Amino acid sequence: MRVVVQRVKASRVEIEGTVVGEIGQGLMVLLGITEGDTQAHCDFLMDKLIHLRIFTDEEEKMNLSLQDVEGEMLIVSQFTLYGDCRKGRRPSFIAAARPETAIPLYAYFVELAQKSVKKVATGQFGADMQVYIQNDGPVTLMLDTDEIMKRGAK
């Protein structure tokens, strides 16, 4: 599982000109799922995201988590995070999970967020979406459960 996470002042996602999800201060999460990912990957990644200390305190140091600032989360499925550009000029998406695997894991990931975050918004799996992001910082991080869990990090 891979995510690109951005600390935002606000973010929204539109489909055909209609806002389907929006948040204020919080995290914009682009979520990529690959074959072999499980609910354990979702559990690990959600715990990491809600406790990641990337919000600034009164001294302008990144010491606060999403939970500390009572932030919100927008989650958008993003199979292109598993795009392989090593050969040729067209990315291969063979490593991205098929919908029958990805959709239930995406739904489970959203459920986890709803248990820990005051407001959770989403895009629509497989839709052509326009994502608007008002970065805060900007602060943008990439997390890959295979890399993190392989090393035994928390």
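The values are calculated or read from the model by the stated rules, or taken from the named source; none is laboratory data. From a predicted model like this one, the values you see are computed outputs, not experimental measurements. All Cβ positions, glycine included, derive from the backbone under ideal geometry; neighbour counts span all protein chains shown. The protein model used for the area step is the full one, side chains on, heavy atoms only, and it has no ligands, DNA or RNA in it. Shrake-Rupley method; radii C 1.70, N 1.55, O 1.52, S 1.80 Å.
For the range 49-64, filtering for residues that are under 10 Å from residue 27 (Cβ atoms) and among the polar types (S, T, N, Q) leaves 0. Scanning the range 1-22 for residues that are under 15 Å from the mean Cα position of the chain (by Cα), closer than 18 Å to residue 125 by Cα and open to solvent by less than 30 Å² (accessible area, probe 1.4 Å) turns up 1, 3, 4, 5, 11, 13, 21.
Restricting the search to the range 84-104, which residues are closer than 17 Å to residue 35 by Cα and among the small types (Gly, Ala, Ser)? Steps first, answer last, please.
Looking only at the range 84-104, we keep the residues that are closer than 17 Å to residue 35 by Cα, and these are 84, 92-104.
Passing the criteria: 92, 95, 96, 97, 102.
Looking only at the range 76-84, decide whether some residue is free of Cβ contacts under 8 Å to residues at least 40 places away in the same chain and under 14 Å from the mean Cα position of the chain (by Cα). No, the range 76-84 has no match at all.
Yes/no matrix, rows are residues, columns are (1) farther than 18 Å from residue 2 by Cα; (2) within 14 Å of the chain's Cα centre (by Cα):
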residue: 89; (1), (2): yes, no
residue: 107; (1), (2): no, yes
residue: 120; (1), (2): yes, yes
residue: 123; (1), (2): no, yes
residue: 130; (1), (2): yes, no
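Confirm whether residue 59 is more than 26 Å from residue 130 (Cβ to Cβ) and out of contact with any Asp or Glu (no Cβ under 7 Å at 6 or more places or on another chain). Break it down into steps so the answer makes sense when it comes.
On the way: more than 26 Å from residue 130 (Cβ to Cβ): yes; out of contact with any Asp or Glu (no Cβ under 7 Å at 6 or more places or on another chain): yes.
Considered against the rule, which asks whether it is more than 26 Å from residue 130 (Cβ to Cβ) and out of contact with any Asp or Glu (no Cβ under 7 Å at 6 or more places or on another chain), residue 59 comes out as yes.
Picking from residues in the range 37-58 that are open to solvent by 20 Å² or more (accessible area, probe 1.4 Å) and touching a residue at least 40 places away in the same chain (Cβ under 8 Å), the one that is farthest from residue 23 (Cα to Cα) is 38.
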